Amino acid sequence: MTITERIHTLEKYYGKHPCPEDFQQVWQSEYQAIEVPVLTCQPVPFHNAAAVYQQLTFQATDGHTLTARYIRPAGEGPFPTLFFFHDLGRSCRGWHHMTRFVALGYAVAALQNRAEPQDSQELRQCYRDALSLCKAVCALPETDSGHLATWGEGFGGGLAIAAAALLGKNTRCAALHPMPTELDEPYLDVENFSSQLTGSLLLGTALMDTVACPEGQYAAFHRATCKKRHLVYPKYAHERINAFENQHIQFLNFWESR
């Protein structure tokens, strides 16, 4: 099958399982049941007068201690805020990398994910972890809760879509290689979270990806009914794509609507 033929087939694919009728209700109840975690904020010494750097610590819903990196512009807020989720087998992006978002006027919170989930219970807890971070940071006085965005790669892309779906408020979401998709457990499938997005979606898919299946990513894109854009990279696999990150920077521009 040629690349053109494969894309033509994928453009008609909507997933192997329908979205449960009560999917939104189930996850809205789950989200509302999460109490706002108490954050412990530890300053991180960086010589940058334009930004404030902090290490956040908070309790997950199962009592596990989670950490996140947090950077915000110096001065008074509120600031548009980006929630950043990394892929399996990786850790948070570096402080210097995340400082680029401060240059755009954003605060950014990057969760340090747990190890790879081994079953549906652990996967559900990973979603809860992401939502707990969002609740904690949205409660900060410097967070502009009317201008929120999520961003992630691979497994982090799936968390970004889930978080944006539950945050609502027209939250923008950018995801590269989002996963997991095509699950037999539909309440944990990213394809179904994407159908709940109310903001805009920027999705990147590499056709040579053997980790996050392109079929599931196409299904997630097709199920999204919000404003959306799909960038397809035929010659890339499950890797970081600089061209997508460049598009992501443009996608995050809230200033035209402020």
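The values are calculated or read from the model by the stated rules, or taken from the named source; none is laboratory data. Computed from a predicted structure; not experimentally measured. With ideal geometry, Cβ positions are generated from the backbone for all residues, glycine too; neighbour counts draw on all protein chains shown. The accessibility values were calculated without ligands, DNA or RNA, using every heavy atom of the protein model including side chains. Shrake-Rupley method; radii C 1.70, N 1.55, O 1.52, S 1.80 Å.
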Note on Tyr53: of the conditions (1) open to solvent by 40 Å² or more (accessible area, probe 1.4 Å); (2) of a type in the set (Phe, Trp, Tyr); (3) in a strand (DSSP E or B), unmet is (1)
Among (1) open to solvent by less than 50 Å² (accessible area, probe 1.4 Å); (2) under 29 Å from Phe101 (Cα atoms); (3) touching a residue at least 40 places away in the same chain (Cβ under 8 Å), there is one condition Thr61 misses while meeting the rest; what is its number?
(1)
Among all residue pairs at least 6 apart or on different chains, which show Cβ distances below 6 Å where the first residue, located in the range 202-214, is within 23 Å of Gln250 (Cβ to Cβ) and the second is assigned to a strand (DSSP E or B) and not basic (Lys, Arg)?
Leu202/Ala174; Leu203/Ala175; Leu203/His230; Gly204/Leu176; Gly204/Leu231; Thr205/Val232; Ala206/Tyr233
With the requirement that a residue be within 19 Å of Ala103 (Cα to Cα) and not in a loop (DSSP other than H, G, I, E, B), what does the range 64-86 give you?
Arg69, Tyr70, Ile71, Arg72, Pro73, Phe79, Pro80, Thr81, Leu82, Phe83, Phe84
Identify all residues within the range 182-197 that are part of a loop (DSSP other than H, G, I, E, B) and surrounded by fewer than 24 Cβ atoms within 10 Å (Cβ to Cβ); write none if there are none.
Glu182, Leu183, Asp184, Glu185, Ser195, Gln196
From the list His248, His238, His222, His177, which one is open to solvent by 20 Å² or more (accessible area, probe 1.4 Å), touching a residue at least 24 places away in the same chain (Cβ under 8 Å) and within 30 Å of Ala103 (Cα to Cα)?
His238
I'd like to verify a number: residues in the range 120-151 that are farther than 16 Å from Pro73 by Cβ, open to solvent by less than 40 Å² (accessible area, probe 1.4 Å) and part of a strand (DSSP E or B), how many?
2
How many of the residues in the range 1-13 are surrounded by fewer than 13 Cβ atoms within 10 Å (Cβ to Cβ) and either in contact (Cβ under 8 Å) with a residue 40 or more places away in the chain or of a type in the set (Asp, Glu) (or both)?
3
Would you confirm whether or not the range 80-89 contains a residue that is touching a Ser or Thr at 6+ places or on another chain (Cβ under 8 Å) and within 17 Å of Pro43 (Cβ to Cβ)?
no
Among the residues of the range 19-50 satisfying the criterion of being in contact with a Leu (Cβ under 9 Å, 6 or more places away or on another chain) and over 23 Å from Gly168 (Cβ atoms), which is most open to solvent (accessible area, probe 1.4 Å)?
Gln42
Candidate set: the range 70-92, residues that are of a type in the set (D, E, K, R) and over 12 Å from Asn113 (Cβ atoms); chosen: the one least open to solvent (accessible area, probe 1.4 Å)
Arg72
It is to be established whether one or more residues within the range 203-218 are aliphatic (A, V, I, L, M), in a loop (DSSP other than H, G, I, E, B) and open to solvent by less than 10 Å² (accessible area, probe 1.4 Å).
yes
Could you give me the residue pairs with C-beta distances under 6 Å whose first residue belongs to the range 84-110 and is modelled with pLDDT of 90 or more, whose second residue is of a type in the set (D, E, K, R) wherever it lies, and which are 6+ apart or on separate chains?
Asp87/Glu153; Leu88/Glu116; Ala107/Arg72; Ala110/Arg69
Among the numbered criteria (1) in contact (Cβ under 8 Å) with a residue 60 or more places away in the chain; (2) surrounded by fewer than 17 Cβ atoms within 10 Å (Cβ to Cβ); (3) assigned to a helix (DSSP H, G or I), which one does Ala243 miss?
(1)
Within the range 144-163, identify whether any single residue is acidic (Asp, Glu), at negative phi and in contact with a strand residue (DSSP E or B) (Cβ under 6 Å, 6 or more places away or on another chain), and answer yes or no.
yes
